[in-house]
1. Does at least one position in the range 91-98 carry a residue that is within 10 Å of the ligand (Cβ to nearest atom) and among the β-branched types (Val, Ile, Thr)?
2. In the range 67-97, what residues are crowded, with 24+ Cβ neighbours inside 10 Å and not β-branched (Val, Ile, Thr)?
3. Please enumerate the residues belonging to the range 244-276 that are of a type in the set (D, E, K, R) and either in a helix (DSSP H, G or I) or closer than 17 Å to His293 by Cα (or both).
4. Which of the numbered conditions does Pro227 fail, given that it passes all the others? Conditions: (1) of a type outside the set (D, E, K, R); (2) part of a loop (DSSP other than H, G, I, E, B); (3) over 22 Å from the mean Cα position of the chain (by Cα); (4) more than 25 Å from Cys61 (Cβ to Cβ).
5. Does Tyr160 satisfy the condition of being among the hydroxyl-bearing types (Ser, Thr, Tyr) and surrounded by fewer than 15 Cβ atoms within 10 Å (Cβ to Cβ)?
6. Mind checking which residues of the range 32-47 are within 10 Å of the ligand (Cβ to nearest atom) and in a loop (DSSP other than H, G, I, E, B)?
7. Working only within the range 78-130, note down all residues that are among the acidic types (Asp, Glu), more than 14 Å from Asn66 (Cβ to Cβ) and assigned to a helix (DSSP H, G or I).
Amino acid sequence: MNDFKNLEPKDNFYQTSLFFPMPVVMIGTLAENGETNLGPYSLVAPYYIAGKGYYAMLLECRNSSNTAQNILRTGKCTINFIPDDKKYFKEAVRMGWPGDTTEEKMKDCLFHLGDGLMAKENPNGSFPKIVEEAFQVIECTWMRELDHAQDDKPGELNGYPEPYHDFNGITSKFGAHFILRIDKILMKEKYYDSIVNGVTAKGYPRVPVDYGYRDSKYFWCSSFKKPRPELLPMRETSVASVRYAADRLQTDVKFTDDALAMLVKVPRIFLPLVLKGCVKWAEENNCKLITPHEMEIINDKRAKEKGKK
Ligand SMILES: Cc1cc2nc3c(=O)[nH]c(=O)nc-3n(C[C@H](O)[C@H](O)[C@H](O)COP(=O)(O)O)c2cc1C
């Protein structure tokens, strides 16, 4: 503790009071004339990651920005992850000047725009375009009903009056939070292959890291370095301890030892859940004894379900 000083958090604490690594994305939204507006953003993070029926991202932004106003109006946006390249970061910083209109900033924009999958699948709908240079894009819809933000409207550029929402829509005089449902993830082929077939250090996109606005003059960004793998600790428990957990389930379904041996690598905290999943399958399939054969079927089913999502 002696090495640390007490630093008082200030407004925008993630950049005024911390060194906080963040992604660099260009957010595409629909301007009133139908043109796509691009704004650079870093305060984006996964929000609902499982167990909610849909996946969602969170975006924090100034509520008078083109991006916020367009999301309030149309509910649609694209989150475009740009690769590490000096000219792209320079362009992102140029496009981050507050108050520029869509026309002004998009006139000489370096990024190329194209249709995403939502536009292709919904020819009658209106969707912002995607950045062709991005290595991945998320097409999103704002979940305006969350936190009852459905009545938040665009049009106020000098500070919204109270009341404010807690976590979705207009959340303070100048702030907004948007919970954005993931409609599509678009991945460049090389990285799609990495994700589907197994990633190597070469199969990573060049991800830049933004450290935010510092010293009132510069935005700071670090260059991409080849990622290095760190071996996961492989802890195996014994068949006896898996048997102990299996015997505690309220069921007459039984497991053979060699079936339980297939679960020794499952972390102890997940064992009851995994075992219950096996029992559920057995009960649905009139099976009283789970052997390695049934385990294979259950594993295949699980793998297929994961693939589907
Ligand atoms: C790299 C970078 C990241 C930024 N991240 C954010 C952010 O997360 N939230 C925010 O409100 N503004 C952020 N800004 C500032 C906005 O880009 C700025 O308000 C800009 O005017 C928004 O453009 P728009 O009005 O077209 O949406 C960032 C700027 C840069 C250059």
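1. Yes.
2. Ala68, Asn70, Cys77, Asn80, Ala92
3. Asp247, Lys254, Asp257, Asp258, Arg268, Lys276
4. Status for Pro227: all satisfied but (3).
5. The answer is no for Tyr160.
6. Ser42, Leu43
7. Glu91, Glu121
This table checks each residue for (1) of a type outside the set (Gly, Ala, Ser); (2) within 11 Å of the ligand (Cβ to nearest atom); (3) under 25 Å from Ile170 (Cα atoms); (4) surrounded by 16 or more Cβ atoms within 10 Å (Cβ to Cβ).
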| site | (1), (2), (3), (4) |
| --- | --- |
| Lys10 | yes, no, yes, no |
| Ser17 | no, no, yes, no |
| Ile49 | yes, no, yes, no |
| Met118 | yes, no, no, yes |
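Read-outs: derived from the displayed coordinates by stated rules, not from any lab. Bear in mind the structure is a predicted one, so any value in this text is a computation, not a measurement. Ideal geometry is used to build each Cβ from the backbone, glycine not excepted, and the neighbour counts take in all protein chains shown.
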